[in-house]
Amino acid sequence: MSNIARHIAIIMDGNGRWATERGLKRVKGHEKGAEVVRTLTTYASRHPEIEVLTLYAFSTENWKRPKMEVDFLMRLLKNYLEKETSTYLKNDVRFETIGDLSRFSKGLREQIAKTKEATRHCRKLTQVLALNYGAQDEIARAAQALCAGGREITVESLEQTVESAKFGPVDMLIRTGGEQRLSNFLLWQSAYAELFFTPTLWPDFTPEELETLIDEFKRRQRRFGGI
Ligand code: IPE
Ligand code: IPE
Ligand code: MG
């Protein structure tokens with residue numbers, strides 16, 4: 001039986017380089033990147049296998065960037081959710097997040113809550129945006145919650161408590177932009193994910209390339225420690 005790409009997670013990297021290569025400001029790359037998010041989410045919602053698409057949009061380390069770029073990303077996200085809620089509904093896509101939202105502005109948090117609420121009945125696909133997300137932070141928060149509840153820390157108890165666990169294990173983890181590292185993304189949920197690294201910069205990533213990677217995924221042998 002061939003592998004099923006139920007949960008695909010993507011580190012969307014390369015927006016800045018895409019823009020710089022064209023003599024544009026880095027933020028133009030983020031704008032183009034947001035369009036690719038829309039195209040790929042729509043594609044995934046029509047795909048027979050994909051149930052969850054988790055996208056790394058902002059890491060716990062990305063606050064280190066210049067304030068102007070961080071502010072732009074926050075505005076882009078708010079506008080995107082505002083404008084795209086109708087697209088989520090049209091394509092039957094449920095919007096979810098992972099990550100610590102408490103550091104975002106009230107306005108952004110309200111928009112996130114609004115889009116989640118509006119799309120909670122949608123069933124074709126769950127799109128999970130990782131926002132102020134760091135896997136180490138997520139695991140630490142889960143361990144803290146278990147401690148506070150007087151519970152033992154085991155693989156099983158952590159498995160039930162890490163925020164991203166509710167979306168199930170990652171089948172394919174893709175990173176665009178050529179770097180071959182995880183940058184603190186989904187360390188727990190990717191324990192047995194198949195990894196894919198492509199040099200394509202995120203603004204140039206297409207559904208066709210995703211299909212090529214899924215084809216490769218189908219040919220891989222997943223053993224999960226067995227033989
Ligand atoms: C990824 O693209 C998007 C975010 C981290 C928000 P980058 O902005 O990291 O683009 P490069 O890696 O500098 O090209
Ligand atoms: C990872 O990309 C984070 C996101 C795509 C949101 P980065 O560009 O921040 O990662 P590093 O700094 O190259 O590891
Ligand atoms: Mg980068």
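The values are calculated or read from the model by the stated rules, or taken from the named source; none is laboratory data. All values derive from a computational prediction rather than experimental measurement. Cβ atoms come from the backbone with ideal geometry, glycine included; neighbour counts cover every protein chain shown.
For the stretch 174-227, the tally of residues that are on the phi > 0 side of the Ramachandran plot, out of contact with any Lys or Arg (no Cβ under 9 Å at 6 or more places or on another chain) and of a type in the set (Ser, Thr, Tyr) stands at 0. Taking the conditions (1) at pLDDT 95 or above; (2) in contact with an Asp or Glu (Cβ under 9 Å, 6 or more places away or on another chain) in turn, ALA130 satisfies each one other than (2). Contact annotation: residue pairs with Cβ atoms under 7 Å, 6 or more positions apart or on different chains, pairing a residue in the stretch 175-196 that is closer than 24 Å to GLY16 by Cβ and within 14 Å of ligand 2 (Cβ to nearest atom) with a partner that is of a type in the set (Phe, Trp, Tyr) and part of a loop (DSSP other than H, G, I, E, B), are THR176/PHE205. Go through the residues of the stretch 53-64 one by one and say whether even a single one is closer than 22 Å to THR41 by Cα and away from ligand 1 (no atom under 11 Å from the Cβ). Yes, that holds for at least one residue.
Please verify whether ILE214 is in contact (Cβ under 8 Å) with a residue 40 or more places away in the chain, over 17 Å from ILE11 (Cα atoms) and not charged (D, E, K, R), treating the condition exactly as stated. No: the conditions fail for ILE214. Count of the stretch 1-18 residues, restricted to those that are in contact (Cβ under 8 Å) with a residue 24 or more places away in the chain and either away from ligand 2 (no atom under 16 Å from the Cβ) or in a helix (DSSP H, G or I) (or both), is 9. Could you tell me whether LEU53 is within 21 Å of THR119 (Cβ to Cβ), modelled with pLDDT of 95 or more, part of a helix (DSSP H, G or I) and more than 16 Å from ligand 3 (Cβ to nearest atom)? Answer is no for this residue.
Tallying residues that are outside any loop (DSSP other than H, G, I, E, B), buried (at least 18 other Cβ atoms within 10 Å of the Cβ) and of a type in the set (Phe, Trp, Tyr) within the stretch 162-199 yields 2. Looking at the stretch 120-133, can you tell me whether even one residue there is crowded, with 20+ Cβ neighbours inside 10 Å, within 19 Å of the chain's Cα centre (by Cα), within 16 Å of ligand 2 (Cβ to nearest atom) and in a helix (DSSP H, G or I)? No, the conditions are met nowhere in the stretch 120-133.
If you filter the stretch 144-174 down to residues that are among the β-branched types (Val, Ile, Thr) and free of Cβ contacts under 8 Å to residues at least 12 places away in the same chain, you find that the one that is nearest to SER2 (Cα to Cα) is VAL155.
Taken over the stretch 1-32, residues that are within 16 Å of ligand 3 (Cβ to nearest atom), of a type in the set (S, T, N, Q) and surrounded by 16 or more Cβ atoms within 10 Å (Cβ to Cβ) amount to 1. Report yes if ILE112 is in a helix (DSSP H, G or I), of a type outside the set (Gly, Ala, Ser), closer than 19 Å to MET12 by Cβ and out of contact with any Lys or Arg (no Cβ under 6 Å at 6 or more places or on another chain), otherwise no. Against the criterion (in a helix (DSSP H, G or I), of a type outside the set (Gly, Ala, Ser), closer than 19 Å to MET12 by Cβ and out of contact with any Lys or Arg (no Cβ under 6 Å at 6 or more places or on another chain)), ILE112 qualifies.
Only one of the listed residues (THR85, THR60, THR39) is in contact (Cβ under 8 Å) with a residue 12 or more places away in the chain, touching a helix residue (DSSP H, G or I) at 6+ places or on another chain (Cβ under 6 Å) and more than 16 Å from ligand 3 (Cβ to nearest atom). That residue is THR85. Residues in the stretch 12-42 that are within 8 Å of ligand 1 (Cβ to nearest atom) and in contact with a Phe, Trp or Tyr (Cβ under 8 Å, 6 or more places away or on another chain) were compared, and the one that is nearest to ALA165 (Cα to Cα) is MET12.
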